[in-house]
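Trainee: Got a structure for you, written out below as structure tokens; questions coming shortly.
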Amino acid sequence: MKIHEYQARDLLSDAGVPVPPSSVVETVEEAVAAFKKINSTVVVKAQVFAGGRGKAGFVKLCKTADEVKDAAQFMLTNRMVSNQTGAEGIAVKKLLIADAVDIESEYYVAVVLDRAKRAPVVMVSREGGVEIEVVAEKNPDAIVKKWLDPHLGLMNFQTAQLVEALGFTDKQQAKDAAKVIRGLVKVFLDNDCSLAEINPLVRTTDGKVLAIDAKMNFDDSALFRHPNLNEMHDKSEENPAELRAKEHDLTYIALDGNIGCLVNGAGLAMATMDIIKLHGGDPANFLDVGGSVTKDGAIEAFKIILADDKVKGILVNIFGGIAKCDTIAEALIAAAREIGFKVPVVVRLEGTNVDRARELLAEANIDVLVPADDLTDAAKKVCAQVA
Amino acid sequence: MSILVDRNTKVICQGITGQAGAFHTTQCIEYGAKFVGGTSPGKGGTKSEHGLPVFNTVAEAVSTTGADVSMVFVPPPFAADAAMEAADAGIRLVVVITEGIPALDMVKARKYLDDRGVLMIGPNCPGVITPGECKIGIMPGYIHTPPKGGNKNVGIISRSGTLTYEAVWQCSSRGISQTTCVGIGGDPVKGLNFIELLSMFEEDDDTHGMIMIGEIGGTDEENAADFVKANIKKPVAGFIAGRTAPPGKRMGHAGAIISGGEGTADGKIDAMKAAGISVAESPAQIGEAIAALI
């Protein structure tokens, strides 16, 4: 799960990380009022998950109330289109109005889960303000990493090493930078983050150390113990079909193609997309019904796939383990009766209760149904059907 | 021969009275695995539906039954603690089936197990099976083929459940038997990984080749490829799922995500090919790929 910049800023601030004064607003009037309260040059930033805000004109520096009014008006009435949003863009509902500080230098500080080392790692760099992937590629030595002990967490000597790597020599600034690092680690551990990033952390011309922009991702598996994060969850930024699937314990991800997929297991679901592509087709979605899928769950899965107008054919690929082939067959038959399939459905079943499933499907005699012998046969048939 | 588990392995199920734990314990026993008991806090002293003794703690279960392996069917909030409890009680191998355990819980549990020399399979995995001898997990037993001598036995290591069944099925239908199949799980932080298992199979005289099935996310396959190049003499075939997966999206498994340009299928396939691993283009050709090598 992701949260907005202003929410990340609140979490940091609560953990003792210094941030510039700011307000979150939803109207032009509120934006102007926030500007007057801050009473200096501000930066107006659209609160959306997608990146590329600056280039799209959705981050603006404003010196006067009129400039704030224009910027807010523009951002709240136009959809933001960037290389991360798709052509239709996204609507902006909230703006962050923040004191625009005079920046002397920019830094990068982040905590991420290092999968290979199986521990969170704190990464700092003097090259802030740019994407860390770019720094990692061009100048990897500019990134200094310290791994947290899984049981002991961040140690004082590590904080000192990281502050030194950032190059803070002034006593007060070094103290503030240490506060930033400790605060960020606290936010990461207390909230089960998978990423907590401050970019840039800045030193202002008057010597303050402040977090300007922050990004956080959270471990979905840990949300059960963080009711505060669940409240922050902005469902309006998520795909409605994906949310609907989640409510039924299905994992669905919308894609651009025209072949709907219904599969059990995440790996097999990915492999099914891959084999469709290999035979010249284009998957419309990823859909894992999971192991403990019920008939109702599978019916819902068919409904979600069929709600996508792009879908011209469906591939059902089930290798029954805990999930039973006959459950899927029953769901397919029920879906055919309830909603009807207007597109061909290629079915490949193997594993638990496959014979019973084949009998059921043969009895039901669904005209759009195309049985397949194996995975390759299934992929070829569905690609031929939509071609 | 086999790796990790065999007909003499004594297994307990943590969470034996839960619906999933009870059901799959039955399936494992029917396959022939030697289950000796289970745990369920508060139900110690009773018998499970399988007629096995139920204990409150793993420590009691181990001291009474001599169990050396545990299968964990404990709900996500408590599963990491269950794995640590098993390690503390003297269990040698903990197989964690549970899906949805917080990653930071696994960071702590893995360290705790490492410090005590205890092995873990999973979490979020189908488990481990030595065909014909011992099944600990949720895989359909009947698709597997036990080795009957000969020189066509493979070991299988996979991050995905159903894709493993697919590979096993393709092997079995080509007359290729399996010594042991290990589902290492789809989570970002886990127990045994490709490298450790590849070296166990390399040491196992009855295993003639290995299949490694990976997917997008992380760098485990790249690291394994380097290891194969330097240390593995037996033939290795493989497959990587997720060539068509979009970046930044979690593809069902918590660990299956391309982030910051890391973890792409193409990067993994290239690394594996460079290490001499035969990578199947299609998930339907995994059996063919290993058949050509052994």
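The values are calculated or read from the model by the stated rules, or taken from the named source; none is laboratory data. The structure presented is a predicted model; accordingly, all values stated were derived computationally and were not measured. Every residue, glycine as well, gets a Cβ built from its backbone with ideal geometry; the counts of neighbours run over all protein chains shown. What goes into the accessible areas is simple: the full protein's heavy atoms, side chains included, and nothing from ligands, DNA or RNA. Shrake-Rupley method; radii C 1.70, N 1.55, O 1.52, S 1.80 Å.
Trainee: Please indicate, with yes or no, whether at least one residue in the stretch A:229-249 is in contact with a Cys (Cβ under 8 Å, 6 or more places away or on another chain) and among the hydrophobic types (A, V, I, L, M, F, W, C). Please lay out each step first, then the result.
Mentor: Narrowing the stretch A:229-249 to residues in contact with a Cys (Cβ under 8 Å, 6 or more places away or on another chain): none.
So far as the stretch A:229-249 goes, no, none of its residues is in contact with a Cys (Cβ under 8 Å, 6 or more places away or on another chain) and among the hydrophobic types (A, V, I, L, M, F, W, C).
Trainee: Do you know which residues across the stretch A:216-250 are within 17 Å of the chain's Cα centre (by Cα), closer than 30 Å to residue A:176 by Cβ and within 12 Å of chain B (Cβ to nearest Cβ)?
Mentor: A:217, A:218, A:219, A:222
Trainee: Being within 14 Å of chain B (Cβ to nearest Cβ) and acidic (Asp, Glu) is the filter; apply it to the stretch A:112-132 and report the residue that is nearest to residue A:54 (Cα to Cα).
Mentor: Per the criteria, the residue is A:131.
Here's the yes/no breakdown for (1) acidic (Asp, Glu); (2) within 14 Å of chain A (Cβ to nearest Cβ); (3) open to solvent by 30 Å² or more (accessible area, probe 1.4 Å); (4) in contact with a His (Cβ under 6 Å, 6 or more places away or on another chain):
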site: B:90; (1), (2), (3), (4): no, no, yes, no
site: B:121; (1), (2), (3), (4): no, no, no, no
site: B:124; (1), (2), (3), (4): no, yes, no, no
site: B:135; (1), (2), (3), (4): no, yes, no, no
site: B:148; (1), (2), (3), (4): no, no, yes, no
site: B:156; (1), (2), (3), (4): no, yes, no, no
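Trainee: If a residue must be more than 33 Å from the chain's Cα centre (by Cα) and in a helix (DSSP H, G or I), how many such residues does the stretch A:330-346 contain?
Mentor: 6
Trainee: Okay, next question. Residues to consider are B:108, B:47, B:34; find the one that is in contact with a His (Cβ under 7 Å, 6 or more places away or on another chain), at pLDDT 95 or above and open to solvent by 50 Å² or more (accessible area, probe 1.4 Å).
Mentor: Only one candidate qualifies: B:108.
Trainee: Is it fair to say residue A:327 is in contact (Cβ under 8 Å) with a residue 60 or more places away in the chain, outside any strand (DSSP E or B) and of a type in the set (S, T, N, Q)? First the steps, then the outcome.
Mentor: Numbers: in contact (Cβ under 8 Å) with a residue 60 or more places away in the chain: no; outside any strand (DSSP E or B): yes; of a type in the set (S, T, N, Q): yes.
Taking the combined requirement at face value, the residue does not satisfy it.
Trainee: Against the conditions (1) aliphatic (A, V, I, L, M); (2) open to solvent by less than 10 Å² (accessible area, probe 1.4 Å); (3) at pLDDT 95 or above, where does residue B:143 fall short? Just the number, please.
Mentor: Exception for residue B:143: condition (3).
Trainee: Part of a loop (DSSP other than H, G, I, E, B) and at pLDDT 95 or above: is that true of residue B:155 in this structure?
Mentor: Details: part of a loop (DSSP other than H, G, I, E, B): no; at pLDDT 95 or above: yes.
Against the criterion (part of a loop (DSSP other than H, G, I, E, B) and at pLDDT 95 or above), residue B:155 does not qualify.
Trainee: Can you tell me how many residues in the stretch B:13-31 are open to solvent by 30 Å² or more (accessible area, probe 1.4 Å) and of a type in the set (S, T, N, Q)?
Mentor: Residues in the stretch B:13-31 being open to solvent by 30 Å² or more (accessible area, probe 1.4 Å) and of a type in the set (S, T, N, Q): 4 in total.
Trainee: State yes or no: is residue A:146 free of Cβ contacts under 8 Å to residues at least 40 places away in the same chain, more than 14 Å from every other protein chain (Cβ to nearest Cβ) and either over 25 Å from residue A:219 (Cβ atoms) or of a type outside the set (A, V, I, L, M, F, W, C) (or both)?
Mentor: On the way: free of Cβ contacts under 8 Å to residues at least 40 places away in the same chain: yes; more than 14 Å from every other protein chain (Cβ to nearest Cβ): yes; either over 25 Å from residue A:219 (Cβ atoms) or of a type outside the set (A, V, I, L, M, F, W, C) (or both): yes.
Yes; evaluated as a whole, the condition is true for this residue.
Trainee: When the residues of the stretch B:167-222 are filtered to those that are farther than 23 Å from residue B:253 by Cβ and hydroxyl-bearing (Ser, Thr, Tyr), which remaining residue is nearest to the chain's Cα centre (by Cα)?
Mentor: My answer is B:179.
Trainee: Which of the residues that make up the stretch B:92-119 are under 15 Å from residue A:119 (Cβ atoms) and at the interface with chain A (Cβ under 7 Å from one of its Cβ atoms)?
Mentor: In the first step, residues of the stretch B:92-119 are kept if they are under 15 Å from residue A:119 (Cβ atoms); the result is B:102-115.
Passing the criteria: B:102, B:103, B:104, B:107, B:108, B:110, B:111.
Trainee: Please work out if residue B:168 is within 14 Å of chain A (Cβ to nearest Cβ), over 27 Å from residue B:105 (Cα atoms) and of a type in the set (Val, Ile, Thr). Step through it out loud before you land on a result.
Mentor: Numbers: within 14 Å of chain A (Cβ to nearest Cβ): yes; over 27 Å from residue B:105 (Cα atoms): yes; of a type in the set (Val, Ile, Thr): yes.
In short, yes.
Trainee: When residue B:8 is evaluated against the numbered criteria (1) open to solvent by 60 Å² or more (accessible area, probe 1.4 Å); (2) touching a residue at least 60 places away in the same chain (Cβ under 8 Å); (3) not aromatic (Phe, Trp, Tyr), which criterion, by number, is the only one it fails?
Mentor: Tallying (1) open to solvent by 60 Å² or more (accessible area, probe 1.4 Å); (2) touching a residue at least 60 places away in the same chain (Cβ under 8 Å); (3) not aromatic (Phe, Trp, Tyr), residue B:8 fails exactly one: (2).
Trainee: Right, something else. Note down all Cβ pairs under 9 Å where the first residue falls in the stretch A:276-301 and is facing another protein chain (nearest Cβ under 10 Å) and under 20 Å from residue A:241 (Cβ atoms), the second is of a type in the set (Lys, Arg) and in a loop (DSSP other than H, G, I, E, B), and they're at least six residues apart or on different chains.
Mentor: That search, which allows pairs on different chains as well, returns A:286/B:249.
Trainee: Let me ask something additional. Identify, from the list B:225, B:291, B:271, B:284, the residue that is closer than 19 Å to residue A:116 by Cβ and open to solvent by 10 Å² or more (accessible area, probe 1.4 Å).
Mentor: Details: B:225 fails: open to solvent by 10 Å² or more (accessible area, probe 1.4 Å); B:291 fails: closer than 19 Å to residue A:116 by Cβ; B:284 fails: closer than 19 Å to residue A:116 by Cβ.
From the options B:225, B:291, B:271, B:284, the qualifying one is B:271.
Trainee: From the residues in the stretch A:35-56 that are of a type in the set (Gly, Ala, Ser), within 16 Å of residue A:4 (Cβ to Cβ) and touching a residue at least 40 places away in the same chain (Cβ under 8 Å), which one is most open to solvent (accessible area, probe 1.4 Å)?
Mentor: First, pick out the residues of the stretch A:35-56 that are of a type in the set (Gly, Ala, Ser): A:40, A:46, A:50-52, A:54, A:56.
Now drop any that are not within 16 Å of residue A:4 (Cβ to Cβ), which leaves A:46, A:50-52.
Okay, now just the ones that are also touching a residue at least 40 places away in the same chain (Cβ under 8 Å), so A:46, A:50.
Values: A:46: 0, A:50: 17 Å².
Filtering first and then ranking leaves A:50.
Trainee: Now for a different question. Inside the stretch A:29-140, counting only strands (runs of 3 or more DSSP E) that do not spill past its ends, which hold 3 or more residues that are of a type in the set (A, V, I, L, M, F, W, C) and more than 23 Å from the chain's Cα centre (by Cα)? Break it down stepwise before answering.
Mentor: Details: elements: A:42-46, A:59-62, A:95-99, A:103-114, A:119-125.
Because the criterion is at least 3 residues that are of a type in the set (A, V, I, L, M, F, W, C) and more than 23 Å from the chain's Cα centre (by Cα), the strands (runs of 3 or more DSSP E) in the stretch A:29-140 that meet it are A:42-46.
Trainee: Hey, could you check the stretch A:57-104 for residues that are farther than 24 Å from residue A:3 by Cβ and either polar (S, T, N, Q) or in contact (Cβ under 8 Å) with a residue 40 or more places away in the chain (or both) and say which is surrounded by the most Cβ atoms within 10 Å (Cβ to Cβ)? Write out each step before concluding.
Mentor: Filtering the stretch A:57-104 down to residues farther than 24 Å from residue A:3 by Cβ leaves A:61-70, A:73-74, A:77, A:87, A:102-104.
Retained after the next criterion (residues that are either polar (S, T, N, Q) or in contact (Cβ under 8 Å) with a residue 40 or more places away in the chain (or both)): A:64, A:69, A:73, A:77, A:102-104.
Values: A:64: 11, A:69: 17, A:73: 13, A:77: 10, A:102: 10, A:103: 15, A:104: 12.
Per the stated criteria, the residue is A:69.
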